[in-house]
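The values are calculated or read from the model by the stated rules, or taken from the named source; none is laboratory data. Owing to the predicted nature of the structure, the values given are computational and were not obtained by experimental measurement. Don't worry about glycine lacking a Cβ; one is built from the backbone with ideal geometry, like all the others, and counts go over all protein chains shown. SASA here: full protein model, heavy atoms, side chains in, ligands and nucleic acids out. Shrake-Rupley method; radii C 1.70, N 1.55, O 1.52, S 1.80 Å.
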Amino acid sequence: MGHVTKKGGLIVIMVMLAWVFGVTGFTFPDVLLAATAKLKGKYERLNTPSTHVRGMVRVTEFADFYCPHCHMFEQTAIPMLQEEFGNRVEVTMVGFPVIRGMLPTAFLMYEQAKTMGKGPEMKAVLFRTIHQDRVSILSRTIRTALVKEIGLDPVEFEQGLASGKPAKAFEEGKKLGEQIKVNSTPTVLLDGNIKVEGEKLTADNLKVVIRSILNADKQ
């Protein structure tokens, strides 16, 4: 009897699954396709579960509101991705502080705004306030002004901040960043298991990787 290697055994299993799904009319789950597809571009595939959904790429952006590189990425790369792919990309920021000596207020404000349906709007005004208006201490008065600017109720917002839920969400985000070994900000995680960071993190490279993920759905 011939010896079957692990790689050979995996191929046999994949072929059998393909036959079964083909006969019964089922297709491979989207997550399986995303996990096995050979993608273009520069990236690191992590040993974490894929969150891929056919026809969409989830972009998780690990960023620090006080980081100038994150501000630049937010001003340039993110709009380019949204213009290129539209609703085929879903962008979410996870607060990951790397600048020392700063209070976590901005991150907590962002988390609270997300729960109230205004996460992207709060993200934009926080980056503007910190990097363009040069305001780094977010006092109650400044928070009230920003909250009103994006159309939320300041009293309800402050109550949400005091509940402790934004702080818990912030800590969970930091743990996720530590788990996937975020070394610098910004770092991007695509569909839960495709990491792009450092010199690889350019708008052009992200476009190549995202496009290849979407193209793999068509095969």
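Each residue, Ser184 and Gln82, gets one label point 7 Å from its Cα in the Cβ direction; the gap between the two is 2.6 nm. Here the Karplus relation 6.51 cos²θ - 1.76 cosθ + 1.60, evaluated at θ = phi - 60°, turns the backbone of segment 117-131 into coupling constants of x, 10, x, x, 5, 5, 4, 5, 6, 5, 4, 5, 4, 6, 9 Hz, with x for every Gly and Pro.
Ile130 contributes about 20 Å² of solvent-accessible surface, heavy atoms of the protein only, 1.4 Å probe.
Counted by Cβ distance under 15 Å from Val94, the other residues give a net charge of -2, where Lys and Arg count +1 and Asp and Glu count -1. Between their Cα atoms, which of Lys40/Lys165; Lys42/Lys168; Lys42/Lys165; Lys114/Lys218; Lys123/Lys175; Lys165/Lys218 are more than 30 Å away from each other? Listed pairs above 30 Å: Lys40/Lys165; Lys42/Lys168; Lys42/Lys165; Lys114/Lys218; Lys165/Lys218.
For Pro120, the shell of other residues with beta-carbons less than 14 Å away shows a net charge of -2, using +1 for Lys and Arg and -1 for Asp and Glu.
Across segment 42-140, C-alpha contacts under 8 Å between residues 6 or more apart give a mean separation that, scaled by the residue count, equals a relative contact order of 30 percent. Could you point to the residue in Phe85, Cys70, Met56 farthest towards the positive end of segment 53-92's charge dipole, with +1 and -1 charges on the Cβ of Lys/Arg and Asp/Glu respectively? Going by the Cα projections, it comes out as Met56.
Sparsely packed loop sites in segment 145-186 (the trypsin sites (Lys or Arg not before Pro) outside DSSP H, G, I, E and B with at most 12 other Cβ atoms within 10 Å) comprise Lys181. The stretch between Lys38 and Glu158, if pulled fully straight at 0.36 nm per residue, gains 38.5 nm over its current Cα-Cα span. Mind putting a number on the dipole of segment 79-206 about its Cα centre? Charges go on the C-beta only, +1 for Lys and Arg and -1 for Asp and Glu, and I need it in Debye to the nearest 20. It comes to approximately 400 debye. Once the chain from Gln219 to Gln75 is taken as fully extended at 0.36 nm per residue, the excess over their C-alpha distance is 48.5 nm.
For the set Arg100, Arg211, solvent exposure ranked by accessible area (probe 1.4 Å, protein chains only) runs largest to smallest as Arg100, Arg211. Rounded, prolate or oblate for segment 36-162? Axes are the square roots of the Cα gyration tensor eigenvalues, ordered a ≥ b ≥ c, and the cut-off for rounded is a/c under 1.5. Prolate shape, in that a/c is at least 1.5 and a/b is the bigger ratio. Neighbours of Glu158, meaning other residues whose beta-carbon lies under 11 angstrom from its beta-carbon, give a summed charge of 0 when Lys and Arg score +1 and Asp and Glu score -1.
Taking label points 7 Å from Cα along the Cα-to-Cβ direction, Lys168 and Gln132 give a separation of 3.5 nm. Estimated from the Cβ-Cβ distance and a Förster radius of 22 angstrom, the FRET efficiency linking Ile142 and Thr92 is about 0.35.
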